[in-house]
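A.B. asks: What follows is a structure written as structure tokens; I'll ask about it next.
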Amino acid sequence: MITIDLSGKSILITGALGAIAEPMVRKLVAAGATLILLDIKPEAAARQTLSDWKIPPASYIYFPTDIIFTSSYVARMPHTKIPSYASAKAALESFARCMALEYADTGIRVNVVSPGDVAAGSSLRVFDEDPAYREFVLRVSLGRRNSPESIANAFLFLCSPLANEINGQILSSDFGAGIGNRL
Ligand SMILES: NC(=O)c1ccc[n+]([C@@H]2O[C@H](COP(=O)([O-])OP(=O)(O)OC[C@H]3O[C@@H](n4cnc5c(N)ncnc54)[C@H](O)[C@@H]3O)[C@@H](O)[C@H]2O)c1
């Protein structure tokens, strides 16, 4: 059995109170990591959310902050209706690779997780309300949407010693949706 032990590690997460972040925070804490959590939500609201998630206060430090790194399959797949979102994600991937080169000598690794359409958070409403979007997502992702847990597993892997030699990479967890269109 392979277990991931992150005790002694400090891991910083931005946008740490969102739907995709929830299982990520749970899994990293369960693996023993200390978390530095950043989100734009005020501290009292953040502490309430983390308490609802049953995250022990001793396992995290929270800073209300404006910041940055989860990409999306649309970064590499031109898409109608969301040009600014897709372009921003493409820029984020390039920025992360530049940072990976910049910090390579220091031992800091910079990688990106790229989900497909996740059955949580920011895409819930458009998936529920737009039949054309729903049909597209189910067609390109083999009829399934990503679970937030699968995205959390990708983060857990990249934070773990199993990924010690992985740097500047985009790890897609998207059922292959980002590869291209399927007829
Ligand atoms: N849900 C999906 O289908 C999907 C698919 C691909 C990629 N993504 C990406 O995954 C990430 C998380 O998405 P989600 O669905 O969990 O969204 P969400 O809206 O549930 O969570 C986003 C979190 O980020 C915080 N936030 C927003 N702006 C911020 C800022 N400037 N600084 C710090 N924190 C900020 C919000 O307060 C919120 O807690 C996003 O980058 C999104 O683009 C989501």
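A.B. asks: What residue, of LEU37, LEU17, is in a loop (DSSP other than H, G, I, E, B) and of a type in the set (A, V, I, L, M)? Give the steps one after another, and end with the answer.
C.D. replies: On the way: LEU37 fails: in a loop (DSSP other than H, G, I, E, B).
One residue alone meets the criteria, LEU17.
A.B. asks: Tell me which residues, restricted to the stretch 57-81, are assigned to a loop (DSSP other than H, G, I, E, B), more than 10 Å from the ligand (Cβ to nearest atom) and surrounded by 13 or more Cβ atoms within 10 Å (Cβ to Cβ).
C.D. replies: ARG76, MET77, HIS79
A.B. asks: For the structure I just gave you, tell me whether ASN153 is exposed (fewer than 13 other Cβ atoms within 10 Å of the Cβ), outside the structural domain of GLY18 (by TED's automatic domain parsing) and under 23 Å from ALA90 (Cα atoms).
C.D. replies: Numbers: exposed (fewer than 13 other Cβ atoms within 10 Å of the Cβ): no; outside the structural domain of GLY18 (by TED's automatic domain parsing): yes; under 23 Å from ALA90 (Cα atoms): yes.
No: the conditions fail for ASN153.
A.B. asks: Something else now. Looking at (1) near the ligand (Cβ under 9 Å from one of its atoms); (2) in a helix (DSSP H, G or I); (3) touching a residue at least 12 places away in the same chain (Cβ under 8 Å), which is the one condition that is false for ALA88?
C.D. replies: (3)
A.B. asks: Listed residues ARG134, ARG144; which is in the same structural domain as ALA75 (by TED's automatic domain parsing), in a loop (DSSP other than H, G, I, E, B) and farther than 21 Å from ARG97 by Cα?
C.D. replies: Among ARG134, ARG144, only ARG144 is in the same structural domain as ALA75 (by TED's automatic domain parsing), in a loop (DSSP other than H, G, I, E, B) and farther than 21 Å from ARG97 by Cα.
A.B. asks: Right, another one. In this structure, is ALA33 over 22 Å from LEU171 (Cβ atoms) and either touching a His at 6+ places or on another chain (Cβ under 8 Å) or aliphatic (A, V, I, L, M) (or both)?
C.D. replies: On the way: over 22 Å from LEU171 (Cβ atoms): no; either touching a His at 6+ places or on another chain (Cβ under 8 Å) or aliphatic (A, V, I, L, M) (or both): yes.
No.
A.B. asks: Residues being at pLDDT 90 or above and within 17 Å of ALA132 (Cβ to Cβ): count how many of those fall in the stretch 75-84.
C.D. replies: Selection size over the stretch 75-84: 1.
A.B. asks: Given the criteria of a type in the set (S, T, N, Q), part of a helix (DSSP H, G or I), out of contact with any strand residue (DSSP E or B) (no Cβ under 8 Å at 6 or more places or on another chain) and within 11 Å of the ligand (Cβ to nearest atom), does SER123 qualify?
C.D. replies: Answer is yes for this residue.
A.B. asks: Answer yes or no: is there a residue in the stretch 15-36 that is away from the ligand (no atom under 13 Å from the Cβ) and farther than 19 Å from ALA154 by Cα.
C.D. replies: There is no residue in the stretch 15-36 that is away from the ligand (no atom under 13 Å from the Cβ) and farther than 19 Å from ALA154 by Cα.
The values are calculated or read from the model by the stated rules, or taken from the named source; none is laboratory data. The shown structure was predicted, so the numbers you read here are calculated from the model rather than taken from an experiment. Quick reminder, even Gly has a Cβ in these numbers, built from the backbone with ideal geometry, and neighbours come from all protein chains shown.
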